[in-house]
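Throughout, read-outs are computed from the coordinates displayed, never taken from laboratory work. On a predicted model such as this, the values are computed, not experimentally measured, just so you know. Cβ placement follows ideal geometry from the backbone for every residue including glycine, while neighbour counts extend to all protein chains displayed.
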Amino acid sequence: MTALNHQWDYPRPHILHTHVQASDIDGLNHTNNVVYVDWCQRSAWAHSESVGLSLDRYRELDRAMVITHSEFDYLQASQQGDEILAATWIVGWDQKLTMARHFQVVRAEDGVTLLRARMRFACVELSSGRPRRLPAEFIDGYGPEVLNGAEVSASQLR
């Protein structure tokens with residue numbers, strides 16, 4: 001964990017560490033919005049992989065969690081060379097078909113939150129593209145990572 005724990009929106013973040021590269025900078029001379037989306041996606045995949053649910057495992061199970069809705073609130077800009085901490089949490093799920101993730105992207109140097117995002121996911125069968133129930137492996141892997149109601153409620157007070 002980082003020294004910035006007090007600044008996270010929720011407890012127990014899964015954190016992706018990265019830096020703003022020259023190729024991330026757009027015509028307005030700051031990090032392009034699509035780069036923030038990529039950081040969120042990469043942090044979600046890293047979190048999934050950390051619980052044993054890699055892309056290869058998804059293929060073996062013929063199941064995947066796919067994004068059905070996303071929202072991004074861009075709060076501050078980042079610049080080339082900035083160290084970035086992209087955190088994610090699973091904030092809810094129905095244990096049948098869907099789950100929700102939240103994201104918070106922070107500049108490490110000063111702890112400023114640059115972005116907050118929310119995504120909803122649904123479980124689909126890869127071979128057909130149809131919605132399917134979460135397999136036991138998803139429940140076993142993601143289940144312990146889901147924040148409980150008290151963790152989410154207490155964090156909303158900050």
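Observations on the model:
- The local environment of residue 73, defined by Cβ-Cβ distances under 10 Å, has a net charge of +1 under the rule Lys, Arg +1 and Asp, Glu -1.
- Gained length - residue 34 relative to residue 151, 0.36 nm times residue gap less alpha-carbon distance: 39.2 nm
- Put the Cα centre of the stretch 47-67 next to the Cα centre of the stretch 112-155 and the gap is 12 Å.
- The mean of 1/r over all distinct Cα pairs in the stretch 60-153, once inverted, gives the Kirkwood hydrodynamic radius of 14.8 Å.
- Dipole size of the chain about its Cα centre, with +1 on Lys/Arg Cβ and -1 on Asp/Glu Cβ: approximately 560 debye, rounded to the nearest 20.
- Counting every other Cβ atom within 10 Å of each residue's Cβ, 38, 9, 110, 24 order from fewest to most as 110, 38, 9, 24.
- Taking a point 7 Å out from the Cα of residue 62 in the direction of its Cβ, the residues of the stretch 115-139 whose backbone N falls within less than 11 Å of it are 125-129.
- Debye log10 I(q)/I(0) at q = 0.27 Å⁻¹ for the stretch 24-104, Cα point scatterers: -1.46
- The alpha carbons of the chain occupy a box of 43, 35, 23 Å along the principal axes, longest dimension given first.
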